[in-house]
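Everything on this sheet refers to the single structure shown next.
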There are 2 protein chains.
Amino acid sequence: MKDVINDLKISCSQCSLGDICIPRGLSKTEVKTLSDVVKQKTILYQNEYIYRQGDKFKGIFAIQTGMAKLVTIDPNGDEHILSILLPGELLGFDGLGDTHSCSAIALNTINVCELPRNRIEQACHKVPNLTYELFRHSSDILNDTQTHLVTAKLSGEQKIAKFMLDLSNRLQARGFSKSEFRLPLTRNEIGNHLGLAIETVSRLLKQLQQKKLLDIQLREVTILDYDGLMQIAHKDSNEEV
Amino acid sequence: MKDVINDLKISCSQCSLGDICIPRGLSKTEVKTLSDVVKQKTILYQNEYIYRQGDKFKGIFAIQTGMAKLVTIDPNGDEHILSILLPGELLGFDGLGDTHSCSAIALNTINVCELPRNRIEQACHKVPNLTYELFRHSSDILNDTQTHLVTAKLSGEQKIAKFMLDLSNRLQARGFSKSEFRLPLTRNEIGNHLGLAIETVSRLLKQLQQKKLLDIQLREVTILDYDGLMQIAHKDSNEEV
DNA sequence: CAGGTTACTTGATATAAGTCAAACGTTCTG
DNA sequence: CAGAACGTTTGACTTATATCAAGTAACCTG
C-alpha cells in the first residue's frame, strides 16, 4: 500500500505559506531548489513533541497546518509557555547554540516541515539567499520575544486584549478569519503564557465580554470591537479612561 | 598629530575577550582574517547611541570596554530596558530583519568594535565558520531574552536577586570581581528593566541588605551571600521559607 | 449514558507591589 | 561653595492580582 501521507505532501513551491514561511524572500527557482532539501509534512498529534528541551539541535521546523507552543521548564521545574506558533511560523532557532533551550509541542494535529540540521549547510550553499533569510527569521523571532517582554509589564486586561489582537492579526495574515477563531489554549495555558492566574484570566475575559469587545464561549472567540480592544491594549496607565 | 585612539586599537587576536566575543569558536588564523574586516574601537560616551531604533541595519557590534543598554520605545512612547551588555557581548541582531527594533545606548564610556553590514558577507566568505558562530550568538541572545521572560513572572525580591547574581556571574566571566562591582544603572533603570517601581527597588535592596545577602551604597554593590541569594532566586513560591 | 476527570467560573479574602507625597543625599555647575 | 538638579529613601495608603475554596459545566471512556 502506498503511503497515504506521502501522497498528500505539498512542496514549498505549491504551499500557500510561501510569503510567510522559509520561502519568504526567495525567488521561484530558489524555492524549487529548497523543496528538494526540506523534509515535508511530518504529522504530529496533540501533545506530541517536535523537539525537546535539552535535545541536540535538530534543525529548523515550519508549521504547515495546526498550532504549536514553545515551552521551557525553569530550574524550579515550573513550565512557561514562551510562544504560540501558527502555520508558516518557524521554530528551532533556540537550538542553534547547541541544544534546544525549550520544547516545541503540538497544540492540536499539526503538519511540520523540517530543514534538518545536517542539510542546512547544503541548503544555504545551493540557495545563497537562504542564509540571509534565516538570519532575518531569527531576528524576527528575537523581536517578537522582546515585544512579549514589554507586554509582561502591562495590566492583566491589557495583556489579554493584546493577546487576542495578536492572534487575530496573525490568523488573518494566514488566510483565516480574523474575527472568529478557536483558541488553541486552555485558560490555564493562557494564564501561564501571560503571567496571570487562571482565575484572573477567567474574570478578565468575562469583563471584556461585558464591555462587548469580544465574545468567548469556552474556546470559541469572536472579536466584536477591534478599536475598543486596541484602546485597552495601548492605553497609557496615566491616561483617563 | 597621530590619532591617539587609533594607537590604542587592539585587534581581535590580541583582545582578551576572544572566548566570549565574535572570535569564540574560531581558530587563530580565522581570527586574524576576521581582524582585518572588523572595524575596531569606536569610543562612545555615556548616553551616546551605538544605533537607534528605526535605523536601517547597521551591523553587528561588540562591546570591548564599558557597558551598554538595549532600549525600545513602545507604541505608547514608554521606554523599556531590554538588556544590559557587558564587554565581549554582541549586539545588533535585532536589526537583521531590516531596521533596528531597539536602540543601543552607552551606560558609561565604551569602546565598540563593529562588523559593518556591508562587510558581513565578505567576512563570512573569508571565514566560513563565522556564519555558524553568528547564528550561535543570535541563538544565545534569543535564549537570554526567553530567560528574562521567565524572570518577569517572579516576585520582586526574586527579580532583584537574580539580576544581581546574573551581573555578578557575567562580570566574573569577563575577569572582573564577582563580589564587588559598580551598578551601571540608576534605581529607576533597574526598576524599568525588571518591571518594578523605583520605590520597590529601593525597598527590596534595603531588605536584601538587612538579610546580609548583599551590601549596596548607592551604586557600589558587594555580594555577601551567594547561596542566600540563589535560594531566594530559585525558591518555589509554594515552598516554606 | 453514568461516573469520573478535566476545564472553567465565581466569591471571599489576603498581599505584594504600585502610587502619592515628602524629605534627604549626592553631584554638578556657574 | 551655593543653589539647582537629580537620584534615592521612607512612610502612608490604595489597588490589582494572587490565593483559597467551592461549585458548575463540558468531555471522555468504558
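Bear in mind these aren't lab numbers, they're just calculated from the coordinates by the rules spelled out. All values derive from a computational prediction rather than experimental measurement. Here the Cβ is made from the backbone with ideal geometry for all residues, glycine too, and neighbour counts use every protein chain on show.
Taking the alpha-carbon distance from B:K28 and a cut-off under 16 Å, which aspartates and glutamates remain once sequence neighbours fewer than 8 residues away in the same chain are dropped? Output for B:K28: B:D19, B:D36, B:E133. If R0 equals 22 Å, the separation of the Cβ atoms of B:I198 and B:R219 corresponds to a calculated FRET efficiency of about 0.90. Stokes-Einstein diffusion for region A:122-203, with the hydrodynamic radius set to the Kirkwood value over Cα pairs and evaluated at 10 °C in a medium of 1.306 mPa s, equals 106 µm²/s. For B:Y226, the label point sits 7 Å beyond Cα toward Cβ; its separations from the matching points on the remaining copies run 5.4 nm, from shortest to longest. Listed peptides B:139-145, B:204-210, A:41-47 appear in the order B:139-145, B:204-210, A:41-47 once ranked by packing, highest mean of other Cβ atoms within 10 Å at the front.
Using Cα springs under 10 Å in a Gaussian network model of chain A, which residue among A:A161, A:A152, A:A106 shows the largest mean-square fluctuation? Checking each option, the largest mean-square fluctuation is seen for A:A152. For chain A, hydrophobic long helices are taken as DSSP H runs at least 30 Å long by C-alpha position along their axis with mean Kyte-Doolittle hydropathy of -1.0 or more; these are A:128-151. Considering only the label points, 7 Å along Cα→Cβ from Cα, what distances in nm to one decimal separate B:N76 from the same position in each other copy, shortest first? So the label point of B:N76 gives 2.6 nm to the other copies. For region B:1-107, the convex hull spanned by the alpha carbon atoms encloses 120 Å³ per residue.
The charge dipole of the protein assembly as shown, taken about the Cα centre with unit charges on the Cβ atoms of Lys, Arg (+1) and Asp, Glu (-1), comes to about 760 debye, rounded to the nearest 20. For A:N47, inter-copy separations between label points set 7 Å beyond Cα along the Cβ vector come to 5.7 nm, shortest first. Over the residues of chain B, the helix contribution to mean residue ellipticity at 222 nm works out to -12500 deg cm²/dmol, using -39500 (n - 2.57) for each DSSP H run of at least 4.
Taking B:N118, B:N76, B:N108 as the candidate residues, the one with maximal mean-square fluctuation in a Gaussian network model of chain B, Cα springs under 10 Å, is B:N76. Spin-label model, A:K56/A:T109: points 7 Å from Cα along the beta carbon direction are separated by 3.4 nm.
Counting only aspartates and glutamates at least 8 places from A:K58 when in the same chain, those with an alpha carbon closer than 13 Å to its own are A:D94, A:D98, A:E114.
Label-to-label distance for A:T65 and A:T147 is 2.7 nm, based on points extended 7 Å past Cα in the beta-carbon direction. For A:E89, A:E180, the sequence from fewest to most other C-beta atoms within 10 Å is A:E180, A:E89.
Taken along its three principal axes, the alpha carbon spread of chain A comes to 57, 39, 39 Å, from the longest extent down to the shortest.
In this Cβ point-charge picture (+1 for Lys and Arg, -1 for Asp and Glu), region A:160-229 has a dipole of about 40 debye about its Cα centre. In terms of distances greater than 26 angstrom between alpha carbons, the cross-link table entries A:K159/B:K162; A:K69/B:K178; A:K56/B:K69; A:K211/B:K159; B:K69/B:K235; B:K39/B:K159 yield A:K69/B:K178; A:K56/B:K69; A:K211/B:K159; B:K69/B:K235; B:K39/B:K159.
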